Structure formats: C-alpha cells, structure tokens
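Some notes on the structure that comes next.
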Amino acid sequence: MLSNQYTSEPSHHNHDLQIDPSLLLAASDLSVAGDQHQHPPPPGYSADAHRPITYTQPAPIPVFIKLHAHSACWLGLLTYGSIGELRHLAREKHDGAAVVRIEGVVKDAATGGDISYCIDDDAKLGGYLAHVSGGQATFVVRLIGDGYVPAGGG
C-alpha cells in the first residue's frame, strides 16, 4: 500500500486533493512579477465580462397620483419605474378598479398651466421620469370598476 507523501495515511483513505506548497509559491511569484511573455487576449475577450456583477437597488421615486386634474392627490413610491407598478399604485386606494389611462403632468413654463402626456408603456414612463428628474412627478389616472366611484355620484 502506497502512502501519501504529505500524510502518514495510506493513499486510499485520503480523498482530499493535496497541492505541493512550492507550486503555490511559484504561482504567487508569477502573479506578483507578472508574465514575462504576455500574449494578447483572444478575440472577443472583454475584461469587463469577467468582473463580478453587482446589483444595487434603485432609489424609490416619489410620485403624486390623483384621479382628475383638480382632485386631491396621494403620494406613492415607484421602486422599479414600470407601468405595471404605477398601475398598481393607482389601484391601491380603489380596490377592484381598473386603470384605463395614465397621464404624466408637467408645468408649462410659459403659461403656468399643466401639460399632460399619455403614459401607456415603460418607455414613455421612463422618458417622463427622466424629464421631471429632480422635480415633481405627478400622474392623473382614470379608473373604472368596482372600487371606484367618480366624484359627483355613481
């Protein structure tokens, strides 16, 4: 029966891989000194592709939501900035209602009035949020359905 040179146990009992410490030192020396015969990276190689990917949670975006241009509004937080998330925020106060239209509102610098833009997909929502970045994001939502009774009656 042969013995492992690093332990006194017979080799058939030792299932751990043993690495010669001199090999580790040699590899360390090469990494410190650098490869004297460096070769160009293969075609298509990107150092960025081999870096670890880190994910950071986006900061929530405060948004004001109201049911019509002159109604009271409530504050919501968009975490991911998707149209689905905005629809969910709009329905929170009116369980069972459906969102049929969302408009992003900006102030007209010339007149001081409001300008509304139809927001019906993620690209338009992203554009609107970029436009009002650092300012106030306000949405007017049109609802229909069980949980919503329009102002002035039913």
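The values are calculated or read from the model by the stated rules, or taken from the named source; none is laboratory data. Given the structure is predicted, the values throughout are model-derived calculations rather than measurements. FYI the Cβ positions are ideal-geometry reconstructions off the backbone, even for glycines, and counts take in every protein chain you see.
Things to note:
- Residues being aliphatic (A, V, I, L, M) and farther than 15 Å from Ile65 by Cα - total across the range 99-114: 2
- Filter result (in a loop (DSSP other than H, G, I, E, B) and among the basic types (Lys, Arg)) within the range 71-93: Lys93
- In the range 116-140, residue surrounded by the fewest Cβ atoms within 10 Å (Cβ to Cβ) [restricted to those that are among the β-branched types (Val, Ile, Thr) and at pLDDT 95 or above]: Thr138
- Qualifying residue in the range 94-113 (condition: under 18 Å from the mean Cα position of the chain (by Cα), buried (at least 16 other Cβ atoms within 10 Å of the Cβ) and either assigned to a helix (DSSP H, G or I) or not basic (Lys, Arg) (or both)): no
- Any hit, the range 93-100, residues being at pLDDT below 95 and basic (Lys, Arg): yes
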